[in-house]
Amino acid sequence: MKRIIALFLFTAITLGSMAQDPDQIGKIHEKLGQYFQYNPIESIYLITDKEVYKPGETLWFNGFTGQLDKQGLAQSGQDINVALYDTSGKPVVGDVYRISNGLASGDIILPITLVPGEYALAAHTPAMQHGDEAFIKLIFIDPMDKNEVIARVESAPKFLVPGANNLVELSLAELSGDAFSSNRIKYELLEQDQVLLKGKLKTGPGGKLRINLEIPEKEYSQPVVLHITDKNLNFSRTFPVNTEKLNVQFYAEGGNFVAGTPLKVGYQVTNAWGQPVDITAEILSEDAGTVMQTKTLVPGFGVFPLQAQAGVQYKLHVTSDRGSGQKFELPAFQTNGFVCSIPKTDDEFIYANLVFTDGQSHTINLLATRGNQLFWASEMKVDGAVRAKIPKENFPQGLCLLAAFDEAGKPIGERMLYIEKGQSLNMELETSTNSVTTGKPFTLTIKTIPRSGNPAPGIASVSVSAGMKNLDPTAPFSPCFEVNNFLESKIPGLGQLTERGTLPEHSLNYLLICNRFRNFSWPDVLAFDPENLSANPTGNWLSGVVLDRNNHPVGNAKVSLVNAGNAQIMTITTDENGHFIFQGIASDEQANYVIKAIDAAGNDQLTISYERGFGDKLQRQIQQFMTQQSLTERPLPDARFFADNTGLFSEIRKTSSPEPKKNESYKQMLSSGSSLMDAIKTIKPYTLDGDKIIFPGGQNSLLAQDGALIVIDGQKMGTSSSVLNSMSPNDVESINVSTSPMDILRYTGLNSVGLIEINTKRGEIVSEPVAPTENLYRDAYRISRDFAQTMLEPGNKDQTTLYWNPAITFDETGTATLQIPTNNVTGSFQIEVIGIDEQGRIGKALQNIQIEK
């Protein structure tokens, strides 16, 4: 507390204001400490040896963890959960690993039966309460079939224009590079489950395929998806539509929309999938027409200055081709209020303009914080307007928050900003040769060059892998770990904003107007009560509110949770607000329970509005992430890589299907290339609820309506029908549809909607890896295997990851030297190094090396 008072006195003199009783600042800081003790805001960043894996391979990862209130690596506990999830957000394989000094490393042995497609690798800690706190990364599972046909988009519009000729040109080739020829390629363009276009095409010379996507003229709710299928070809591509409905959210600098004073207004633009959208627009006034022009600074984020008039309605009118004509009303501007803006920063100071538009004298407390850390504070009197000159000396590099409070301690405005002090590492990679012959090692030297200060010992993760690596090699580790991971909305293209390896304060501070700290608000902090932790649950839980027919909360209602498996009953009574909570119910266990509510008068005609536990929130976050990643195409091998490494590719032998029986007419549909959805409908009619398949009479007994469970080759794939759209009908051997509870119970609890079992024509896969025999657990934690030892296992002689080490150390000069082995695989290999030194400075470096016969 003495430190706070001393700091407070110094800054008060700097501002030319008189220091008063510091108790209010002390109370706010105490509340902040209590809140972050129980609600740490954490950052996780996972590095994997590559992004494309064959079923049965080992996925190697290294995890870095940090906290908002600390510099460098930090952790709130000892556990980190890392798992691979399917598109529906259900875990496929994963485990609990131990964190030490902010680092966690491990491996995941991927099942040999893993269905090809897109997956999410996600990591979270037990302290996390919100799904958006987890780190999520896109992973592709590809069996690398020798018979696969590769589709590449040669030219396509950025977005489709309804009623116009939207020409898409693709090239189709076999892995050998030879052009693929077919006269029965089927295509289908979908908006959700509605078919907009469908037909058959033949390839032209050189395997060229031209498709004219002339879609109906209307407003679209979301992007459309093109599916192209043929034998050994299953390709999908998402296209935005220029009449697609956009979402715009506005932010006032300082948090308050106030008329009569210059104000910067930020805005975010996304589509229905949450993907950022670039636009140009004009700001309209109902009185004066066009006030100004504006455009997004980076995809999805824009800022414009505005001195609004009281009582006047303003609108943003989109003028770009994307979203043309759409209008969005700005929030109403207050006649009087408080404005906090940051006109500039320099090497020594942050300049803050503080304005009360009522012209009266106000006493405020101004605090600069990051997490529970208080860097600067002052109580001051503001007579109309004042410019505060805040010294940056005690600020760390990274995000911080400037917040103002009135005399009663109520928050009245805040401004997030970024401080750049050059505290990052620039790593240089040197190899003993630019190319090396297979079987011979090469030397890798890593030199760390800090942008400020002297080199220091540290630690780094190193991977060397072939091709098909780094979906976004420009994404810098440091800005993602220190900036994006703490924001409510990630800023795209941070790698392109960097200047000489650092983020420019001016540009980033403009963009931060359009953002907030993730899962943080001053009202939550000030209302936090450490003695009433039931109001702040952690871990898994099932909670909600009981409502009557008029949607009014029902207090003192009895809520019973029945476990259908063992008939165990848990009962709880709602509080005066109708709220209840059952601790310890994981998301994947909720289908095993039935819940009922009855009020004090015996009325059971009540409804339950559910709040979700962390597991369910994470599932929804993964579903949203996978939707947002729909524009990301799988990295593909080139013809040279295939020709030089034919041993890497498996020949998946398709078994011939017997003649369909009379009651198996759906197989005729599959052989003709009809969609799986259509084939299922011939077996049993259904309706769609969003992307969930609902069979007549089906009803889930918990958490409202769910969809039929989809199981592929014995693996549960969740209830999202999107997994069926990614499968080629030619790969399906048989389909079984059942609504029998006995069938459903083979896979899950009381999901009474239905079951869809699909068996594929998998055939045998070459070089099936041998499962490791060593003990993989210590003290209940999954421990990482030794990478070098796994390379000696049968089937790993052609591993496309040559080297993986999650923890090489730098010496006192900031240098490390390694010997990297090679194997039989040739081609361009990427070296990726991510490191951190003892002073918390972090950096990333990439380099390629060629391996030849």
If you go through segment 472-484, how many residues are modelled with pLDDT of 85 or more and not in a helix (DSSP H, G or I)? 1
Selected residue (criterion: surrounded by the most Cβ atoms within 10 Å (Cβ to Cβ)) from residues of segment 36-56 that are in contact with a Leu (Cβ under 7 Å, 6 or more places away or on another chain) and in a loop (DSSP other than H, G, I, E, B): Ile41
When segment 336-386 is examined, which residues are found to be over 33 Å from the mean Cα position of the chain (by Cα), farther than 18 Å from Ile28 by Cα and of a type in the set (S, T, N, Q)? Asn336, Asn353, Thr357, Gln360, Ser361
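Scan Glu764, Glu757, Glu768 and give me the residue that is of a type in the set (D, E, K, R), surrounded by 15 or more Cβ atoms within 10 Å (Cβ to Cβ) and either at negative phi or modelled with pLDDT under 70 (or both). Step through it out loud before you land on a result.
Details: Glu764 fails: surrounded by 15 or more Cβ atoms within 10 Å (Cβ to Cβ); Glu768 fails: surrounded by 15 or more Cβ atoms within 10 Å (Cβ to Cβ).
The unique qualifying residue is Glu757.
In the list Ser665, Ser674, Ser656, Ser609, which residue meets the criterion of being within 22 Å of Gly131 (Cα to Cα) and either modelled with pLDDT under 85 or within 31 Å of the chain's Cα centre (by Cα) (or both)? Talk me through it step by step, then tell me what you get.
Values: Ser665 fails: within 22 Å of Gly131 (Cα to Cα); Ser674 fails: within 22 Å of Gly131 (Cα to Cα); Ser656 fails: within 22 Å of Gly131 (Cα to Cα).
None of the others qualify; the one that does is Ser609.
From the set of residues in segment 293-318 that are among the hydroxyl-bearing types (Ser, Thr, Tyr) and in contact with a Leu (Cβ under 9 Å, 6 or more places away or on another chain), which is surrounded by the fewest Cβ atoms within 10 Å (Cβ to Cβ)?
First, the residues of segment 293-318 that are among the hydroxyl-bearing types (Ser, Thr, Tyr): 294, 296, 314.
If we keep only those that are in contact with a Leu (Cβ under 9 Å, 6 or more places away or on another chain) as well, we get 294, 314.
On the way: Thr294: 20, Tyr314: 23.
Filtering first and then ranking leaves Thr294.
Answer yes if at least one residue in segment 157-175 is in a loop (DSSP other than H, G, I, E, B), modelled with pLDDT under 90 and either more than 30 Å from Ser320 (Cα to Cα) or out of contact with any Leu (no Cβ under 9 Å at 6 or more places or on another chain) (or both), and no otherwise.
So far as segment 157-175 goes, yes, one or more of its residues are in a loop (DSSP other than H, G, I, E, B), modelled with pLDDT under 90 and either more than 30 Å from Ser320 (Cα to Cα) or out of contact with any Leu (no Cβ under 9 Å at 6 or more places or on another chain) (or both).
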Tell me, please, whether a residue that is among the polar types (S, T, N, Q), outside any strand (DSSP E or B), over 22 Å from the mean Cα position of the chain (by Cα) and at pLDDT below 90 can be found in segment 142-152. yes
Only one of Leu503, Leu487 is of a type outside the set (Val, Ile, Thr) and at pLDDT 85 or above; which? Leu487
Under the condition of being under 20 Å from Arg210 (Cβ atoms) and free of Cβ contacts under 8 Å to residues at least 60 places away in the same chain, which residue from segment 179-194 is surrounded by the most Cβ atoms within 10 Å (Cβ to Cβ)? Ile185
Say whether the condition of being assigned to a loop (DSSP other than H, G, I, E, B), of a type in the set (S, T, N, Q) and in contact with a Lys or Arg (Cβ under 7 Å, 6 or more places away or on another chain) is met by at least one residue in segment 215-228. yes
Suppose we filter segment 57-88 for residues that are touching a Gly at 6+ places or on another chain (Cβ under 8 Å), touching a residue at least 40 places away in the same chain (Cβ under 8 Å), assigned to a loop (DSSP other than H, G, I, E, B) and not basic (Lys, Arg); how many remain? 9
May I ask you to list the residues in segment 502-529 that are surrounded by fewer than 18 Cβ atoms within 10 Å (Cβ to Cβ) and in a helix (DSSP H, G or I)? His506, Ser507, Pro523, Asp524, Leu526, Ala527
Could you tell me which numbered condition Asn426 fails, if it satisfies all but one of (1) surrounded by fewer than 20 Cβ atoms within 10 Å (Cβ to Cβ); (2) touching a residue at least 24 places away in the same chain (Cβ under 8 Å); (3) not in a strand (DSSP E or B)? (3)
Taking the criterion of being basic (Lys, Arg) and under 30 Å from Pro40 (Cα atoms), would at least one residue in segment 431-443 satisfy it? no
Among the residues of segment 254-290, which ones are in contact with a strand residue (DSSP E or B) (Cβ under 6 Å, 6 or more places away or on another chain), assigned to a loop (DSSP other than H, G, I, E, B) and under 30 Å from Gln192 (Cα atoms)? Val277, Ile279
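The values are calculated or read from the model by the stated rules, or taken from the named source; none is laboratory data. Since the model is a prediction, treat every value here as computed from it, not as a measurement. Because the Cβ atoms are built from the backbone with ideal geometry, glycine has one as well, and the counts that use them run over all protein chains shown.
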